[in-house]
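Readers should treat all values here as calculations from the given coordinates under stated rules, not as data from a laboratory. None of the values given here were measured: they were computed from a predicted structure. Cβ placement follows ideal geometry from the backbone for every residue including glycine, while neighbour counts extend to all protein chains displayed.
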Amino acid sequence: MKTDTQLISALPPEGRRGLRLPFFLVRNWLFLMPLLMLFFSERLYPRPPAAPSLRLEDMPHLPLKQVKRLLVIAPHPDDETLGTGGAIQAALAQGSQVKIIIVTNGDGQAVAPLLLRREIRPRPGNYIATGQQRQAEALAALKILGVPQDSVFFLGYPDRGLIRLWENHWNREQPLHAAYTWATRSPYPLTFNPQSAYCGYDLLADLWAIIDDYRPDLLLSPHPNDKHADHQATAHFTRLALALKRVAEPAYQPATLSYLIHYGHYPQPRGLHPTQTLLPPTPLAGAGKGWTRLDLAPDQVQVKARAIQDFPSQQLLLGSFLTSFVRRDEIFANLPLPDISPVKADKLAPFETEQLLQPLPEAVGVV
Ligand SMILES: [Zn+2]
């Protein structure tokens, strides 16, 4: 039997011409080859993690002992458990109060209705159902950590929309239309302030109201350099609220620390490594200044691991990323708050009357 090569070479000249690839296609393939190799090599041979420039023993301990009221601010249901699940347990164990703010219900994961409910063409109601599921998951996880439901505030702002509130939607007259739920205010029964519209002023006012009433002495909120835009925006809103509060009431100086969730390949290695240390990624490690650590007892690590198991929707979507936060320590960055002069802080009044057309961060000099 003849091979394919023999058959081709036996064809008349016209036939052989017919099998040739056009030159432009060959040229384009040659052009694409390096790109394809780059694409697949990234998947087959992931870049090794950058060596952390800090050692655990270089970082001072989180000063948790004097804390009476801890407030954790999370952009999505699960961030509070991943970033601060150990700190929450440690604070409760020493008798401190703990309250949690969850800014969005995580209803903006495009594929979630398909993966969780097999909704091929999801409607706004399907995304709201996902948000309700994620609320329930967060409450179950926090219950394992020791936090009751009445200590959890769901603000109900739009997932993947917070940076747009910060940059473009400050006024109630121009609320954001959420891309997935189509809502302009929280459609969830479990919402801290159902009257709040999807705008920067109302998000800032909700944060302000909880901080003002609860008066935490330690806040744990996202790192402003987190790569997820919702985390950045949550950091900006929280830090602006605290900076304005500091001007309005100089005697109130709560400690404010940041936790990191999304940053390239962080945390490395991926997966469950409960005896390994969690260290800051090299670009953010600096000279070690500003980072503190909280060492967790083995039983606290186990409880945190169990709480993370209570996010089945996110286990399905993010897999081993979640369990990568089960480590023998948690780390927090101490970053200075924006400096707002008292003169500029007078612009806070429009924040209450909602007359200001200029975004508040620009008005008070924080951009
Ligand atoms: Zn998040």
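Tabulated data
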item: Global geometry of the stretch 153-206, whether rounded, prolate or oblate, following the gyration tensor of its Cα atoms and the 1.5 cut on a/c; result: oblate
item: Label-point separation in nm, Leu335 to Ala251, each point 7 Å along Cα→Cβ; result: 3.1 nm
item: Inter-label distance for Asp299 and Arg117, nm, one decimal - labels placed 7 Å from Cα along Cα-to-Cβ; result: 4.0 nm
item: His228 long-range amide H proximity, modeled H, under 5 Å; result: His262
item: Förster radius 41 Å - calculated FRET efficiency between Glu173 and Ala136 (Cβ-Cβ, nearest 0.05); result: 0.75
item: Net charge over other residues, Cβ less than 14 angstrom from the Cβ of Val72 (K, R count +1; D, E count -1); result: -2
item: Within the stretch 257-279, backbone nitrogen closer than 20 Å to the virtual label 7 Å beyond the Cα of Glu57 toward Cβ; result: 275-279
item: Segment Gln195-Lys68, extension gain: residue separation times 0.36 nm, minus the distance between their alpha carbons; result: 42.7 nm
item: Peptide ranges 211-218, 165-172, 254-261, 196-203 listed from the most packed, as the mean C-beta count within 10 angstrom indicates; result: 196-203, 254-261, 165-172, 211-218
item: Listed peptides 148-154, 238-244, 63-69, 291-297 by packing density, highest first (mean Cβ within 10 Å); result: 238-244, 291-297, 148-154, 63-69
item: Residues Glu80, Glu330, sorted so that the one with the fewest Cβ neighbours within 10 Å comes first; result: Glu330, Glu80
item: Gyration tensor verdict on the stretch 72-228 (Cα atoms; rounded if a/c is under 1.5, prolate if a/b is larger than b/c, oblate otherwise); result: oblate
item: DSSP beta bridge pairing in the stretch 44-195, given as percent antiparallel to the nearest 5; result: 0 percent
item: Neighbour-count ranking [beta-carbon atoms within 10 angstrom, fewest first] of Lys245, Lys143; result: Lys143, Lys245
